Amino acid sequence: MGWSFAWVDVGRKAHIESLTHQRHFSEGYVPLEHRVVGNHVWQLVKMPDGRKFICLDLIAKQRNGGWGYKGMSEDMGPNYYDCPLSLLDKADPVDVGYAVEWRKAVREYHAKHQTVKPKAGMVVTYGGHEYRLVEPWAPRKGWKVIRVDEGFSYRMNAKQLATALRNTAK
């Protein structure tokens, strides 16, 4: 299945609105909720028989042209796994087909990419040493930390903190 592009550039926001509107779907299919993750428009859709499933519209801007999309549903087993769990949890259970494995892969993706948010008092490991987080230094500048074994305070920059949080999450 290919991509559909518009000749007129309506803008990204208007394009997403058109993809999430009732007129984008066949009769009897009702879009309930949607979330946009990058260029992935994830939707929870109700079928005529009342069951709810997930569909995805990939979006892209054509050079010197309008926005386009490529639509697919979870039973096609899309190779994209950043579907928000809030939508997936509202979909009806499935027990056959590509959707079963795809949903499992989505949950594995989120488990693997789960981030730990820094909080004051949290102890993290970086460079073989433990540091206690004291307070944020400034937006996106890292945190003031105290090295646990020596009691000296330091600034752990955002990149170092991200590494330490990944080590803590394991």
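All conditions in (1) in contact (Cβ under 8 Å) with a residue 24 or more places away in the chain; (2) surrounded by 13 or more Cβ atoms within 10 Å (Cβ to Cβ) hold for Glu17, with the sole exception of (1). Taking the stretch 56-95 as the range and being under 13 Å from Val45 (Cα atoms) and either of a type in the set (Ser, Thr, Tyr) or not assigned by TED's automatic domain parsing to the domain that holds Ser26 (or both) as the test, only Ser73 passes. For the stretch 99-115, the criterion of a residue being out of contact with any Ser or Thr (no Cβ under 7 Å at 6 or more places or on another chain), surrounded by 13 or more Cβ atoms within 10 Å (Cβ to Cβ), in contact (Cβ under 8 Å) with a residue 40 or more places away in the chain and not charged (D, E, K, R) is satisfied by at least one position. For the stretch 127-140, the criterion of being surrounded by 13 or more Cβ atoms within 10 Å (Cβ to Cβ), basic (Lys, Arg) and either outside the structural domain of Ile54 (by TED's automatic domain parsing) or without any contact (Cβ under 8 Å) to a residue 12 or more places away in the chain (or both) is met by at least one residue. Taking each residue of the stretch 54-71 that is of a type in the set (Asp, Glu) and looking for partners that are buried (at least 16 other Cβ atoms within 10 Å of the Cβ) with beta-carbon atoms closer than 6 Å, six or more apart or interchain, yields Asp57/Leu19; Asp57/Val41; Asp57/Tyr69; Asp57/Gly71. Residues in the stretch 68-115 that are touching a strand residue (DSSP E or B) at 6+ places or on another chain (Cβ under 8 Å) and polar (S, T, N, Q): Ser73, Ser86. A search for C-beta distances below 9 Å between a residue of the stretch 80-96 that is over 13 Å from Phe53 (Cα atoms) and any residue that is assigned to a loop (DSSP other than H, G, I, E, B) and of a type in the set (D, E, K, R), counting only pairs 6+ apart in sequence or on different chains, returns nothing.
The values are calculated or read from the model by the stated rules, or taken from the named source; none is laboratory data. Keep in mind that what you see is a predicted model, and the values were worked out from it rather than measured. Here the Cβ is made from the backbone with ideal geometry for all residues, glycine too, and neighbour counts use every protein chain on show.
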